[in-house]
Ligand code: C2E
Ligand code: CA
Ligand code: CA
């Protein structure tokens, strides 16, 4: 909008200060050349030429000769006779009287006046006939104006002289009767084709009657050295008398209408406004508009309609270029995709939801691709989305596709999100192959927020979804509030980790055969100064959603291995079980961190068990690679919370685990539920048949323990044996037990 207003402003100013006038006139002159056609023969110029002066042996015809000329012209059938000459001063009385008489005899004779004006075709100042002629003849005005650089001429149809309106020579020649106005002389009529006869030929009766019959005549100087010479636009100097004749022809064709610069500027403004409403203004439209602004005047010239197009072309040109540049900014240079900022420009109404779809590992997938291939890949993905998101404008940001769609009811929304997720179930073509892409979606439903912040929220939520390992997050006001709360907790967590005030509790693990403590599970404990103890699951989720999970994982491993080292001083067989977030396993760096911390705390690999839940995606190549590497070192892997997830059997087969840990929900109701009992028994059997150990968690009483022993379970932990406890307590218990044994 700003650009359009500015461009129109420039156009208006250009129009007002006539900035483009020379250009306009040059173009008009060029058009005249194109249209050039011959003048009709009903207006005749009688030339006081070199031949006349030679034959009369004078440097200017005498007034007696002028008087005779007038008689001859009317005898030959002329209708009106104009002198482009003022007869300002008296000469010899006999000649003056002869002319005065001729004027009286021939009342359709006009002598010229140059009314007192600033600037005229005739360069001299006011020229007024002496009283004698003023009374006996009619008067016509020589007034005319030239444009800068003589690129055009304007004549009045009448001038005011001594309180009356007198016709201009051109208007008189054309017998123009309309209202007084100024008009532009039309150089489309070839000035050189204007009919002419020599003064001397008329005087000597050498001109045939047919030449002057019913013609209007203007007499003027054309001899070499006359001062009355003017430039034809883009041409040579021509005697001034022809300009009056040309003006007459112009008027004969119809008085030119001058539309000025406003109509064309309005057209430009309309085109610009339309362009500004487009996301990508069409260069073609601008070019076509400029082309028609250039050609329409040519057509209008034929209709004697004048129009100034320079301000409008200036306006359209500047506006179109600026809009184009702005539009370029709307598109990403490398990918050519619409930028998200462009969506802001759409000024969508409040009822639109903002969707963001993050392509996981986008930069990894496209790491070896050229810009074009990447663009194609994004286009492929967008094409998929178009199936359900008809009419949406898709923008792209880093690895996320963003678009707006009309608001959905909650039920429809979750169906829709399912549908979107399903769209990417089959691979997308990329660089000649098909790649599987995992997409995470963020939806903003904060209807009142600004579009900019809504787009940011949608993109962030897609990222949150990725970190949380969920398909989609719908960010409504409640979600954002929770998120803010978590964010403030998060900075507290950062601080707590820095000050080592995040703690690890140790829950002893018992060998059911011997009843001896063989190790412990490390469990996170964080007591927030004002919120109190925060459940470890919440701390983990928060860390996962806000990219702290890697820091937290390292922190836990570091602390737990430090504890294990002390425990191993008492019991060398002590092993430490550490819970691993599924996301932590996607980080290849974990392998190096692990080896570093193992050697730092001198804990051997086979005394470390990493507890992995089924949420870790085995379809993720990085996860399987990390697990394989850890197994290679000799680190043990326990399948945690076994039985709570889905597809448990295939999972147990594919994971390189050494232990299956039966979840406490089954152990807890083993005594009362036959079903749980059979799940536990089946799990133990499966584990053993695959050469893995079976471990039970959440053993709260002796009966449960006995039952597990009967069932052949290897290890167990639970409140019956000991709750999770601080390191010192565990070390004390270990030493006491050792002393007892
Ligand atoms: P989990 O891996 O299933 O851990 C066992 C949970 O059962 C612990 O809860 C433990 O305190 C509790 N528990 C132990 N004995 C009994 C019992 O006899 N009866 C009952 N009802 N519960 C018992 P906690 O410490 O609240 O941890 C909850 C979950 O948080 C853990 O479940 C684990 O998934 C996660 N978690 C804890 N610490 C960490 C950590 O350092 N890293 C990761 N990634 N996750 C952790
Ligand atoms: Ca566990
Ligand atoms: Ca569990």
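Structure notes:
- Matching residues in region 690-727 - criterion: being surrounded by fewer than 16 Cβ atoms within 10 Å (Cβ to Cβ) and more than 10 Å from ligand 1 (Cβ to nearest atom): 690, 691, 702, 703, 706, 709, 710, 712, 726
Every residue, every condition in (1) more than 19 Å from residue 301 (Cα to Cα); (2) surrounded by 14 or more Cβ atoms within 10 Å (Cβ to Cβ); (3) within 58 Å of the chain's Cα centre (by Cα), yes or no:
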site: 147; (1), (2), (3): no, yes, yes
site: 150; (1), (2), (3): yes, yes, yes
site: 155; (1), (2), (3): no, yes, yes
site: 185; (1), (2), (3): no, yes, yes
site: 191; (1), (2), (3): no, yes, yes
site: 203; (1), (2), (3): yes, yes, no
site: 206; (1), (2), (3): yes, no, no
site: 219; (1), (2), (3): yes, yes, no
site: 226; (1), (2), (3): yes, yes, no
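- Qualifying residue in region 61-70 (condition: surrounded by fewer than 16 Cβ atoms within 10 Å (Cβ to Cβ) and in contact (Cβ under 8 Å) with a residue 24 or more places away in the chain): no
- Residue within region 485-502 that is out of contact with any helix residue (DSSP H, G or I) (no Cβ under 7 Å at 6 or more places or on another chain), within 16 Å of ligand 2 (Cβ to nearest atom) and assigned by TED's automatic domain parsing to the domain that holds residue 699 present: no
- Which numbered condition residue 523 fails, given (1) away from ligand 2 (no atom under 16 Å from the Cβ); (2) assigned by TED's automatic domain parsing to the domain that holds residue 695: (1)
- Checking every residue in region 625-636 against the condition of being in contact with a helix residue (DSSP H, G or I) (Cβ under 9 Å, 6 or more places away or on another chain), under 30 Å from residue 466 (Cβ atoms) and part of a loop (DSSP other than H, G, I, E, B) gives at least one match.
- Qualifying residue in region 588-597 (condition: at pLDDT 95 or above, under 24 Å from residue 507 (Cβ atoms), in the same structural domain as residue 550 (by TED's automatic domain parsing) and within 16 Å of ligand 2 (Cβ to nearest atom)): no
- Residue check, residue 693 more than 14 Å from ligand 3 (Cβ to nearest atom) and touching a residue at least 12 places away in the same chain (Cβ under 8 Å): yes
- Residues (in contact with a strand residue (DSSP E or B) (Cβ under 6 Å, 6 or more places away or on another chain), in a loop (DSSP other than H, G, I, E, B) and closer than 16 Å to residue 680 by Cα) located in region 705-733: 713, 714, 717
- Residue list for region 663-682, filter: within 14 Å of ligand 2 (Cβ to nearest atom), closer than 13 Å to residue 704 by Cα and in contact with a strand residue (DSSP E or B) (Cβ under 7 Å, 6 or more places away or on another chain): 667
- The single condition among (1) more than 16 Å from ligand 3 (Cβ to nearest atom); (2) within 24 Å of residue 608 (Cβ to Cβ); (3) in contact with a helix residue (DSSP H, G or I) (Cβ under 8 Å, 6 or more places away or on another chain); (4) modelled with pLDDT of 90 or more that residue 671 does not satisfy is (2).
- Checking 356, 327 one by one, the residue that is without any contact (Cβ under 8 Å) to a residue 60 or more places away in the chain and not in a loop (DSSP other than H, G, I, E, B) is 327 and no other.
- Residue match in region 590-610 (condition: within 49 Å of the chain's Cα centre (by Cα), within 16 Å of ligand 3 (Cβ to nearest atom) and on the phi < 0 side of the Ramachandran plot): no
- Qualifying positions in region 562-577 - under 60 Å from the mean Cα position of the chain (by Cα) and crowded, with 22+ Cβ neighbours inside 10 Å: 563, 564, 576, 577
- Of the strands (runs of 3 or more DSSP E) lying entirely inside region 401-482, those carrying at least 3 residues that are at pLDDT below 90 are 428-430, 433-435.
- All strands (runs of 3 or more DSSP E) inside region 503-580 with 2 or more residues being within 14 Å of ligand 1 (Cβ to nearest atom) and at pLDDT 95 or above: 503-511, 516-528, 575-580
- Test: residue in region 643-650 that is out of contact with any strand residue (DSSP E or B) (no Cβ under 8 Å at 6 or more places or on another chain), assigned by TED's automatic domain parsing to the domain that holds residue 521, within 16 Å of ligand 2 (Cβ to nearest atom) and at pLDDT below 90: yes
The values are calculated or read from the model by the stated rules, or taken from the named source; none is laboratory data. All figures in this text were calculated on a predicted structure; none of them were measured in a lab. Using ideal geometry, Cβ is built from the backbone for each residue, glycine included, and neighbour counts are taken over all protein chains shown.
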